[in-house]
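First comes the structure, then the notes that go with it.
The values are calculated or read from the model by the stated rules, or taken from the named source; none is laboratory data. On a predicted model such as this, the values are computed, not experimentally measured, just so you know. As a convention, Cβ positions derive from the backbone with ideal geometry for all residues, glycine included, and neighbour counts pool all protein chains shown.
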Amino acid sequence: MQLFTSAISPLELHNVHIHSKDTNVLYIPSEKILFAGDALEDTLTFIGEPGELSTHLRNLELLNTWGIARIYPNHGDPNIIAEGGYKTTLIDATLDYIKKMRDNVNSDGYLESALESYVGESVEKAWVSVHEAYRAVHSLNLRAIQNHSQGRPVDLLP
């Protein structure tokens with residue numbers, strides 16, 4: 001949906017239902033710039049809706065078709081943002097994280113799974129970095145997904 005035209009180029013606001021149902025992103029097609037808000041984050045995304053992971057994955061795949069060149073998330077490495085933003089590999093890292101979280105939910109020791117076991121490959125490829133604050137987010141994500149998969153209430157508080 002095109003909202004208005006700036007002096008530079010049209011801006012588009014999209015509800016993408018990644019991270020949560022109310023997630024909106026701002027896209028400038030002529031510049032191929034995506035302002036991702038909380039839809040994408042470095043190190044990983046907060047999973048507040050574990051029952052919607054298939055929707056989140058589908059919508060992340062859709063983002064990969066937009067021809068995006070640069071991504072500016074709300075939460076990311078200030079140096080990468082200052083150097084021109086993230087590449088679409090941030091989308092790929094998010095896809096990989098969510099898939100691994102979903103696919104390993106029945107594994108022994110799931111709740112104690114290290115952050116690096118889910119983002120290690122993306123860190124090695126320099127798609128994301130490990131920011132210490134995201135260790136707590138990862139723990140919340142593990143618990144939310146496991147609770148949902150076992151039919152228990154999803155408690156998002158630490």
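Determine whether the stretch 97-106 contains at least one residue that is surrounded by 16 or more Cβ atoms within 10 Å (Cβ to Cβ), closer than 20 Å to residue 37 by Cβ, of a type outside the set (Val, Ile, Thr) and touching a Ser or Thr at 6+ places or on another chain (Cβ under 8 Å).
yes
Report yes if residue 119 is surrounded by 19 or more Cβ atoms within 10 Å (Cβ to Cβ), in a loop (DSSP other than H, G, I, E, B) and modelled with pLDDT of 95 or more, otherwise no.
On the way: surrounded by 19 or more Cβ atoms within 10 Å (Cβ to Cβ): yes; in a loop (DSSP other than H, G, I, E, B): no; modelled with pLDDT of 95 or more: yes.
For residue 119, the condition - surrounded by 19 or more Cβ atoms within 10 Å (Cβ to Cβ), in a loop (DSSP other than H, G, I, E, B) and modelled with pLDDT of 95 or more - is not met.
Assuming residue 38 fulfils every condition listed in (1) farther than 30 Å from residue 151 by Cα; (2) buried (at least 18 other Cβ atoms within 10 Å of the Cβ); (3) of a type in the set (D, E, K, R) apart from one, which condition is it?
That leaves (1) as the condition not met.
Does the stretch 32-65 hold any residues that are in contact with a Lys or Arg (Cβ under 8 Å, 6 or more places away or on another chain) and more than 16 Å from residue 96 (Cβ to Cβ), and which are they? Spell out the reasoning first.
Keep residues of the stretch 32-65 that are in contact with a Lys or Arg (Cβ under 8 Å, 6 or more places away or on another chain), which gives 32-34, 49, 52-53, 57.
Within the stretch 32-65, 32, 33, 34, 49, 52 meet the criteria.
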